[in-house]
Amino acid sequence: MHRRHLLTKLVAIAILACQPLLVHAQKTESQEPLAIHLKMSHFLGPKSFFQVDLVEPWARELERQTGGKVAVEVLNSSSPLGNVRNQASQVKAGTVDIALGLRGAEGERFMRSSIIELPFVVSDAKRGSEALWALYKNNVIADEYKEFKVLALFVQNPGLVHTKQTRVVELGDLKGLRLRVPNATVATTLEYVGAQPKLLQPDEIIPALRANQLDGIITNWGTPIPGFNDEMKQHTAVPFYASAFFIVMNKARFDSLPADVRTAIDRLSGDTLVAQLGLLWDKWDKPYYEGAHGPGQEIVRPDTATLQRWKSGLQPVSDAYVKKLQQQGFTDAPAVYEDLIAKSSLQ
């Protein structure tokens, strides 16, 4: 009898001891599921305009609109996943879910989009971005993005000619100059006029300047180059090119998300995001443009007749490039080019 009473007490003690564990288990089972974790990468630094004004706000707004159901981890150039050359590739592989990348750093990928990078095609980021996005929406270039969920395509304000000390007024003044270019499209143009293009990505520019391997840079005002205004003293306001950028998502990852999350991503992307990007470039350009008005700086603004000479002088290389795209299967390239000139460029 005593033994049975002792056994009953021991069972009761064991039940009491297990109650906190049972309560914790019940609470854990009733808790909301963990947030959907998305990785979003880009190729500039943690304090860059892409991070501060674009990627971080977009990520935080997606989290807000999904009520915390989504958590976005932002990765930049300080991460192994921030290499400018790998943004689209790592989205395709599923290493990251979303990436902002530079078309010209992707080699032969997205070649049809390069048509907007030709000289005198883009007059400003807003109209240029709308024109590139329209090419995608109208299925003119959509096929080259078929492996991705495309969130936005956009361009910068036109790239100008910046040099350390050479004053460039006429097209012929470029001859012999060693100039950094962002992509093969611009390199082809410079080779045609006798310049020496150096195809370098943003992280390679400063080392090349310090090693005296460059006389100048072909880039827009809003550039992620540290010390840009200290190095570049002469600036020539000619719309030489406009780099194309993309924001893409892994298609399978997007399709796997709950419907409300997909809706939120769509609401924050496409037309809405493209419209914001044109205005953001104006903001990003401002400090560098203002920095080019200091002592020892000069901005050369060719008159209408001089600009026309530049345009006419570069037209053969643009025509040849468009023909090359056509031969590579972009059969509508000539018509697309003419339409871009009509709708997006300086007239």
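Numbers for the structure displayed
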item: Qualifying residues in segment 291-314 (those that are out of contact with any His (no Cβ under 6 Å at 6 or more places or on another chain) and part of a loop (DSSP other than H, G, I, E, B)) - the one surrounded by the most Cβ atoms within 10 Å (Cβ to Cβ); result: 302
item: Candidates 60, 112, filtered to the one that is open to solvent by 50 Å² or more (accessible area, probe 1.4 Å), modelled with pLDDT of 95 or more and under 26 Å from residue 135 (Cα atoms); result: 112
item: Residue within segment 115-123 that is under 26 Å from residue 240 (Cα atoms) and surrounded by fewer than 19 Cβ atoms within 10 Å (Cβ to Cβ) present; result: yes
item: Test: residue in segment 315-336 that is more than 24 Å from the chain's Cα centre (by Cα), touching a residue at least 60 places away in the same chain (Cβ under 8 Å) and buried (at least 16 other Cβ atoms within 10 Å of the Cβ); result: yes
item: Every residue from segment 42-60 that is among the aromatic types (Phe, Trp, Tyr), assigned to a helix (DSSP H, G or I) and closer than 17 Å to residue 84 by Cβ; result: 49, 50
item: Of residues in segment 161-205 being out of contact with any strand residue (DSSP E or B) (no Cβ under 9 Å at 6 or more places or on another chain) and assigned to a helix (DSSP H, G or I), the one modelled with the lowest pLDDT; result: 203
item: Condition broken by residue 259, with the remaining ones in (1) over 27 Å from residue 290 (Cα atoms); (2) touching a Lys or Arg at 6+ places or on another chain (Cβ under 9 Å); (3) surrounded by fewer than 24 Cβ atoms within 10 Å (Cβ to Cβ) satisfied; result: (2)
item: Pairs with Cβ under 6 Å, 6+ apart, first in segment 73-88 and without any contact (Cβ under 8 Å) to a residue 40 or more places away in the chain and polar (S, T, N, Q), second open to solvent by less than 30 Å² (accessible area, probe 1.4 Å) and in a loop (DSSP other than H, G, I, E, B); result: 76/42; 76/45
item: Options 240, 228; residue that is surrounded by 24 or more Cβ atoms within 10 Å (Cβ to Cβ), modelled with pLDDT under 95 and not aliphatic (A, V, I, L, M); result: 240
item: Test: residue in segment 129-145 that is more than 23 Å from residue 253 (Cβ to Cβ), part of a loop (DSSP other than H, G, I, E, B) and among the small types (Gly, Ala, Ser); result: no
item: Number of positions in segment 67-123 that are part of a strand (DSSP E or B), hydrophobic (A, V, I, L, M, F, W, C) and under 17 Å from residue 182 (Cα atoms); result: 2
item: Test: residue in segment 167-181 that is without any contact (Cβ under 8 Å) to a residue 12 or more places away in the chain and closer than 21 Å to residue 55 by Cα; result: no
item: Among residues of segment 210-225, those that are of a type outside the set (Lys, Arg) and open to solvent by 10 Å² or more (accessible area, probe 1.4 Å), counted; result: 6
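Residue by residue, here is whether (1) over 27 Å from the mean Cα position of the chain (by Cα); (2) under 29 Å from residue 337 (Cβ atoms); (3) of a type outside the set (A, V, I, L, M, F, W, C) holds:
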position	(1), (2), (3)
288	no, no, yes
293	yes, no, yes
301	yes, yes, yes
309	yes, yes, yes
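The values are calculated or read from the model by the stated rules, or taken from the named source; none is laboratory data. Computed from a prediction, not measured in an experiment: that's the story for all the values here. With ideal geometry, Cβ positions are generated from the backbone for all residues, glycine too; neighbour counts draw on all protein chains shown. Side chains are part of the model used for accessible areas, which takes the heavy atoms of the whole protein and leaves out ligands, DNA and RNA. Shrake-Rupley method; radii C 1.70, N 1.55, O 1.52, S 1.80 Å.
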